[in-house]
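Accompanying notes for the structure given below.
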Amino acid sequence: MSETLFSGASQRLDAAVKHTKISEDTIERLKYPKSTIKVSIPVRMDNGELKVFEGYRVRYDDTRGPAKGGIRFHPNVSVDEVQSLAFWMTFKCAAVNIPFGGGKGGITVNPKELSLAEVERLSRGYINAVADFIGPDIDIPAPDVYTNQMIMGWMMDQYSVIKRHIVPGVITGKPIAMGGSLGRETATAMGAFYVMQNMLPKFKKEPKSTTVAVQGFGNAGSILAELLFDAGYKVVAVSDSKGGIYSKDGLNIPSVKKTKAETRKLEAVYCEGSVCNLVDHEKISNEELLELDVDVLVPAALENQITKENADRIKAPYIFEVANGPTTPEADAVLESKGIKVIPDILTNAGGVTVSYFEWVQNRMGYYWSEEEVNTKLKEKMIPETESIWNIAQEKKISFRTAAYVHALDRIELAVNAKGVKSHFEKV
Ligand code: GLU
């Protein structure tokens, strides 16, 4: 594995730079995050004790617009992780041409160990700590792993309390009643679905003869599994942090979702209830899921899932990265040598931030779109960008990941150069 997640992330930039003409200014600029802040968040726990949590906000680059990116609540959150996620956001926003730079935030915490009231105090405490560093024209947070609409609502409310006026555009992924956008909850999955629907036919893959395994059954993975199921794909395996289930004939995803919602874990699909008997499941681990003999693998959980340890055992010829950073650079090299096509995170999961952009636009104009309008606009964004990345990959004979970085870099370069490059200054 790379020394740090961030050194692995920046290797993708080095690979792309070789395939496009980029000024030294842009390369120099993109090597470092614009700002990294670490905060301490004191929280009064339900038992009266005071506990201090560590949080971060990284603004990686804002050359193309205010920084944009989610806030993660997870025990593994570190400055290295948040910085890498902010770096990926920079390229993701440029890859799909939304007018934002990249940012990310996080708190090192296992929110499942807190009561809901403690999560609320922690969320408001985070905003108290970072309020001077975010804003609708500065840096706009959103949900990420283990954060949701309700948390975004508390955070927007807290920011508005501090500013003494309502500021809906400071955060996206809010509850609809507080200025959220219709279609934001389903956007990451919907965006990935559009990318898959566009790319799989190019690989001569039709839904009914295509088997899919989805790792991660959170907001993105569970909704995508259902979209694929409804479109006729055979979703043979899904998993969550506690383990997975497999059925060679395909799982009935709506019933799996229903059982998970009722019991909060996939294992419960093994209960003796009616929904559980719809198909014969086999119990598998997350590691086994990744190595299944399927047509399409969708990592939709966390980073560093496909590494040099297991890359050689991956059998799926097509990988669509719905999680951020699920494949390490070393694994990429192994997969490429095996002819496995990886459709990268910065394209595949860009639907979420795209609808976040639509939410921010709606907040600023105070006029709200129907869900159909949002999904149409999302599709109009995802399909042409997917086509462009496909074409760059074919023309330059490079991986889809490098092509996506080239596509994004060309756009970032335009914004950096708009302020003048070395040659302008040399002449004067
Ligand atoms: N956390 C999501 C991502 O990684 C969404 C970010 C956003 O909507 O700003 O893309």
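The values are calculated or read from the model by the stated rules, or taken from the named source; none is laboratory data. Small disclaimer: the values here were computed from a predicted structure and weren't measured. In this analysis, Cβ positions are derived from the backbone assuming ideal geometry, glycine residues included, and neighbour counts consider all displayed protein chains. For the accessible areas, the whole protein counts, side chains as well, though only heavy atoms, and no ligand, DNA or RNA atoms are used. Shrake-Rupley method; radii C 1.70, N 1.55, O 1.52, S 1.80 Å.
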Practice problem: Write down the percent of antiparallel bridges among all DSSP beta bridges whose residues are both part of the chain, to the nearest 5. | Solution: 50 percent
Quiz item: In Å², what does the accessible area per residue of region 296-428 work out to with a 1.4 Å probe?
Solution: 42 Å²
Exercise. Quick one, can you get me the convex hull of the C-alpha atoms of region 49-93 expressed as volume per residue in Å³?
Key: 79 Å³
Exercise. Quick one: grab the alpha carbon gyration tensor of region 20-98, order the square roots of its eigenvalues as a ≥ b ≥ c, and give me rounded if a/c is under 1.5, else prolate or oblate depending on whether a/b is larger than b/c.
Key: prolate
Self-check item: Net charge of Cβ neighbours under 9 Å - reference Y60; Lys, Arg +1; Asp, Glu -1
Solution: +1
Quiz prompt | Restraint check, K338/K379; K308/K341; K257/K377, Cα-Cα greater than 22 Å | solution = K338/K379; K257/K377
Practice problem: Could I get the Rg over Rh figure for region 11-62? Both from C-alpha atoms, Rh via Kirkwood, rounded to two places. | Solution: 1.34
Quiz prompt | Sulfur and carbon atoms: percent of accessible area, region 274-394 [1.4 Å] | solution = 47 percent
Self-check item: Distance between modelled label sites at Y32 and V52, nm, 7 Å Cα→Cβ extension
Solution: 2.8 nm
Quiz item: Once you put a point 7 Å from the Cα of K204 and another 7 Å from the Cα of A231, both along the Cβ direction, what distance in nm separates them?
Solution: 2.0 nm
Exercise. Report the calculated FRET efficiency for E309 and E426 (r = Cβ-Cβ distance, R0 = 51 Å), to the nearest 0.05.
Key: 0.60
Practice problem: Could you work out the local net charge near S7, counting Lys and Arg as +1, Asp and Glu as -1, over the other residues with Cβ closer than 15 Å to its Cβ? | Solution: -4
Quiz item: By a straight-distance test (C-alpha under 12 Å), which aspartates and glutamates pair with K234 as possible cross-link partners, with residues fewer than eight away in the same chain excluded?
Solution: E206, E226, D249, D295
Practice problem: Taking H placed 1.01 Å from N in the peptide plane, check which residues at least 5 places from G69 or on another chain put their amide H under 5 Å from its amide H. | Solution: G103, I140, A142
Practice problem: Give the accessible surface of region 74-150 per residue, rounded to a whole number of Å², with probe radius 1.4 Å and ligands, DNA and RNA excluded. | Solution: 31 Å²
Quiz item: Tell me, what % of the accessible area of region 111-268 is carbon and sulfur with a 1.4 angstrom probe?
Solution: 54 percent
Quiz item: Which shape class, rounded, prolate or oblate, goes with region 348-428 when its Cα gyration tensor gives a ≥ b ≥ c as root eigenvalues, a/c under 1.5 marks rounded, and past that a/b bigger than b/c marks prolate?
Solution: oblate
Quiz prompt | D295 - accessible surface, heavy atoms, 1.4 Å probe, Å² rounded to 10 | solution = 30 Å²
Quiz item: Where nothing but the Cβ of Lys and Arg (+1) and of Asp and Glu (-1) is charged, how large is the charge dipole of region 65-173 around its Cα centre, in debye to the nearest 20?
Solution: 160 debye
Quiz item: Between T376 and S337, 0.36 nm times their residue separation minus their Cα-Cα distance comes to what?
Solution: 10.3 nm
Practice problem: Rounded to whole Hz and in sequence order, give me ³J(HN,Hα) for region 178-189 from the Karplus expression 6.51 cos²θ - 1.76 cosθ + 1.60, θ = phi - 60°, writing x for Gly and Pro. | Solution: 10, x, x, 9, 4, x, 6, 4, 9, 5, 5, 5
Quiz item: Which distance in Å, rounded to a whole number, links the C-alpha centroids of region 375-391 and region 1-63?
Solution: 27 Å
Quiz item: Any idea what Rg and Dmax come out to for the chain if you just take the C-alpha atoms, in Å?
Solution: 21.1, 79
Practice problem: Sum up the charges of everything whose Cβ sits under 14 Å from the Cβ of R44, counting Lys and Arg as +1 and Asp and Glu as -1, but leave R44 out. | Solution: -1
